[in-house]
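Below: one structure, written as structure tokens.
The values are calculated or read from the model by the stated rules, or taken from the named source; none is laboratory data. Only a predicted model underlies this, so the values are computations on that prediction, with no experimental measurement involved. Every residue, glycine among them, receives a Cβ derived from its backbone with ideal geometry; neighbour counts consider all protein chains shown. All accessible areas refer to the heavy atoms of the entire protein, side chains included, with ligands and DNA or RNA removed. Shrake-Rupley method; radii C 1.70, N 1.55, O 1.52, S 1.80 Å.
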Amino acid sequence: MDELMHVFGPVIACSIALQQFLELVDPVLDRFIRPHKKWLLSLIALVLALVLTAGLGLGLLAPLGYPNAGVFDILVTALFMISGTKGANELLKWLGYRKTAARLALPEDEARSV
């Protein structure tokens, strides 16, 4: 579990930072480029997420069991990153389900100590 937090922590931090950056850019685009604002924000988010992912060496697929994903690891991590806090919440729910399932699979004595 600690290894997953070590991997997902920086991605989630970048995701939240990216979301906040877009909140700053949004009013500017709203004022000057209203009809194209939504896709421009999406494009800015994707480009910044790709730069952060590749530049910081972030990757989600390798720690999840796909070490040879290469460019797909960068793409999937960037797409996860632009999902913002929604993606982080979904990930935390999934990790909670996995932890509960692992606890239920343990014998009763070991499950109490976890």
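Key figures
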| item | result |
| --- | --- |
| Tally, over segment 55-93, of residues that are touching a residue at least 12 places away in the same chain (Cβ under 8 Å) and open to solvent by 40 Å² or more (accessible area, probe 1.4 Å) | 10 |
| Within segment 1-45, tally of residues that are farther than 23 Å from Y97 by Cα and without any contact (Cβ under 8 Å) to a residue 40 or more places away in the chain | 26 |
